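The values are calculated or read from the model by the stated rules, or taken from the named source; none is laboratory data. Small disclaimer: the values here were computed from a predicted structure and weren't measured. Reconstructed Cβ throughout: ideal geometry from the backbone, glycine too, with neighbour counts over all protein chains shown.
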Amino acid sequence: MKKKLLQLVSGFLFFFIISGPAPDTSASGKIEWQSYKKGISLSKSISKKVFINFHADWCRYCLAMEKETFTNSAVVAYLNKHFIPIKVDSEHEKKIADQYQVRGLPLTCFLSETAERIACRPGYISADELLQILKYIGTDSYKHTSFNNFLKNDK
């Protein structure tokens with residue numbers, strides 16, 4: 001009986017060691033982009049702010065943000081933890097782009113947990129600058145202080 005139990009435990013431990021730790025999908029290193037409809041619904045159901053990136057395949061600044069900003073580990077981690085990230089292709093989702101009055105790309109918008117617009121920022125945003133903006137919006141500092149004052153106090 002002891003021998004069978006020992007064999008069973010040894011087999012289990014061997015399998016566990018060989019298979020290694022389970023991957024942590026929450027820290028995949030990639031932004032967990034949602035569609036507009038799903039993201040807005042998810043935001044309301046779990047009460048999380050929304051980050052919307054309006055882009056197009058032909059936009060070189062959009063591609064630069066994709067390559068440089070949205071691969072930054074600090075940006076990825078903060079965005080996935082504190083926001084529902086939504087990606088909208090302005091060419092294919094024109095109704096949504098019109099709703100936000102997209103006139104140039106890229107355009108980054110932030111919505112409250114109830115889908116009310118907080119702010120939109122046109123143009124390319126570097127990883128360092130986006131992280132500061134994410135913290136400003138994510139901590140609700142935008143409700144009581146200017147962005148410049150937030151930056152002075154954040155150092």
_Scan of region 106-128 for residues that are loosely packed, with under 14 Cβ neighbours inside 10 Å and either in a helix (DSSP H, G or I) or among the β-branched types (V, I, T) (or both), ordered by number_ = T114, D128
*So which of K81, K87 is at pLDDT 95 or above, touching a His at 6+ places or on another chain (Cβ under 9 Å) and under 24 Å from K30 (Cβ atoms)?*
K87
*Which condition number does E113 fail, the rest of (1) of a type in the set (D, E, K, R); (2) touching a helix residue (DSSP H, G or I) at 6+ places or on another chain (Cβ under 7 Å); (3) free of Cβ contacts under 8 Å to residues at least 60 places away in the same chain being met?*
(3)
*Scan region 130-144 for residues that are surrounded by 14 or more Cβ atoms within 10 Å (Cβ to Cβ), farther than 22 Å from K38 by Cα and not aromatic (F, W, Y) and report the count.*
6
*asked:* Which pairs turn up if I take residues in region 129-155 that are closer than 19 Å to M65 by Cα and of a type in the set (A, V, I, L, M) and look for partners that are in a helix (DSSP H, G or I) and modelled with pLDDT of 95 or more with beta carbon separation below 6 Å, at least 6 apart in sequence or on another chain?
replied: L130/T69; L130/V75; L131/A74; L131/V75; L134/Y78
*Does region 79-89 include one or more residues that are assigned to a loop (DSSP other than H, G, I, E, B), touching a strand residue (DSSP E or B) at 6+ places or on another chain (Cβ under 9 Å) and in contact (Cβ under 8 Å) with a residue 12 or more places away in the chain?*
no
